[in-house]
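Below you'll find the structure, written out as structure tokens, and then a few comments.
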Amino acid sequence: MGFVREIAFATTAKEQLVDITGRLQELVTELQLKEGFVCVYVPHTSAAVSIHREVDVTDRPKLDEMLESINPDKEAPHYTKAALVAPTEVLIVKDGKLVMDPDQRIYFYEFDGPKQRRVIVYLTD
Amino acid sequence: MGFVREIAFATTAKEQLVDITGRLQELVTELQLKEGFVCVYVPHTSAAVSIHREVDVTDRPKLDEMLESINPDKEAPHYTKAALVAPTEVLIVKDGKLVMDPDQRIYFYEFDGPKQRRVIVYLTD
Amino acid sequence: MGFVREIAFATTAKEQLVDITGRLQELVTELQLKEGFVCVYVPHTSAAVSIHREVDVTDRPKLDEMLESINPDKEAPHYTKAALVAPTEVLIVKDGKLVMDPDQRIYFYEFDGPKQRRVIVYLTD
């Protein structure tokens, strides 16, 4: 059956990147998962999750710039951006650690903050 | 091992959104899955799946508009669109329900209908 | 708990598509997985994975063309492309086979080769 857990936090700006890599590794460690699979789900229509190179989160995120430049709907774009970045990610655990490039980070994308947000996490047992 | 199930339906237009959220929740209920993980796979090269805010499906989907505007290949774009929207989604179940925002829906994207289509679903036991 | 395996290979060009469908089916066969779920993860910041119609890999990939045309950052785009294509895919196994359209293939996207690369694979037991 595995485990379902939740990560909760507040965003502080209209558009914001929140690095949740550490919070996810903590869940893996707490549940003593040695080898397995992790699914991350964002239950919000104006937020998303993406894994990519570490970026300076005080900068405007590059992925968001791309979405901005191609978005034809200037009046209500946050949910379209959220759909294109997507609300899910999957990860693999080996030897008790999330298998990732040292430069990869898992980012929560806020497109309509500030808001109270949560991320749902499934981990195999 | 989990369960593998199939949802079958016919699309009726060249480009169409089909809301499959209810069909997926029915599978979760039938299999009495209380807590776990669901994977959705579209075994077609000109269709895809995406989770986002509920939209008026009689309207042209917003995500599709974005893809249209950026697509450099005007002659055979349906498989490129399908690749960018992607053929997979993952979901988490808690207390017997798909964990989602009340406004999130799971949409099958048809890019080359009308056709007989199917969606493959894996659910943990 | 499932199984964690690795596929390793070298890319030979700056941008390149590598069809890894056969290597993934071999893993399913070796582990005698009859019915279940497979997760593919690319632990690199300038590479990605995508499932779409078989393409002539000596051609410039169509998905990459789309990304090129919309990318506002011409100086260091490889990690932005990698983020948009995404480092993960999920697949379903039935009767010992990856459930796919006969024309679907699983492609590793190299955006900054040539490099030694690996793909991490989780398979249910």
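The values are calculated or read from the model by the stated rules, or taken from the named source; none is laboratory data. Being a predicted model, the structure only gives us computed values, none of them experimental. Cβ placement follows ideal geometry from the backbone for every residue including glycine, while neighbour counts extend to all protein chains displayed. Remember, those area values only see protein heavy atoms, side chains included, never the ligands or the DNA or RNA. Shrake-Rupley method; radii C 1.70, N 1.55, O 1.52, S 1.80 Å.
Summary of values
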{"quantity": "Cβ neighbours within 10 Å from other chains - mean over A:89-100", "calculated": "5"}
{"quantity": "Label point 7 Å beyond Cα along the C-beta direction, distances from C:Ala8 to other copies (nm, shortest first)", "calculated": "4.5, 4.5"}
{"quantity": "Solvent-accessible area buried by C and B, counting both chains, probe 1.4 angstrom, square angstrom", "calculated": "2400 Å²"}
{"quantity": "Cβ-Cβ FRET estimate between C:Thr21 and A:Ala13, R0 fixed at 51 Å, reported to 0.05", "calculated": "0.75"}
{"quantity": "Inter-chain Cβ neighbour average for residues C:38-50, partner chain, 10 Å", "calculated": "5"}
{"quantity": "Residue-wise HN-Hα coupling along the range C:114-125, computed from phi with Karplus coefficients 6.51, -1.76, 1.60 (Hz; x: Gly, Pro)", "calculated": "x, 8, 7, 10, 9, 10, 8, 10, 10, 10, 5, 9"}
{"quantity": "Under the Karplus curve 6.51 cos²θ - 1.76 cosθ + 1.60, θ = phi - 60°, whole-Hz ³J(HN,Hα) for the range A:24-36, x wherever Gly or Pro sits", "calculated": "6, 4, 4, 4, 4, 5, 4, 8, 6, 6, 8, 8, x"}
{"quantity": "Sum of side-chain charges, A:Asp95 neighbourhood, beta-carbon under 9 Å (Lys, Arg +1; Asp, Glu -1)", "calculated": "+2"}
{"quantity": "Spin-label model distance (nm) - C:Glu6 vs C:Asp103, 7 Å beyond Cα toward Cβ", "calculated": "3.7 nm"}
{"quantity": "Average other protein chain Cβ within 10 Å of Cβ, residues C:1-14", "calculated": "2"}
{"quantity": "Nm distances between copies for A:Gln116, ranked from closest, using label points 7 Å along Cα→Cβ", "calculated": "5.0, 5.0"}
{"quantity": "Teacher prompt: A:Glu26 distances to equivalent labels in other copies, 7 Å Cα→Cβ, nm", "calculated": "4.2, 4.2"}
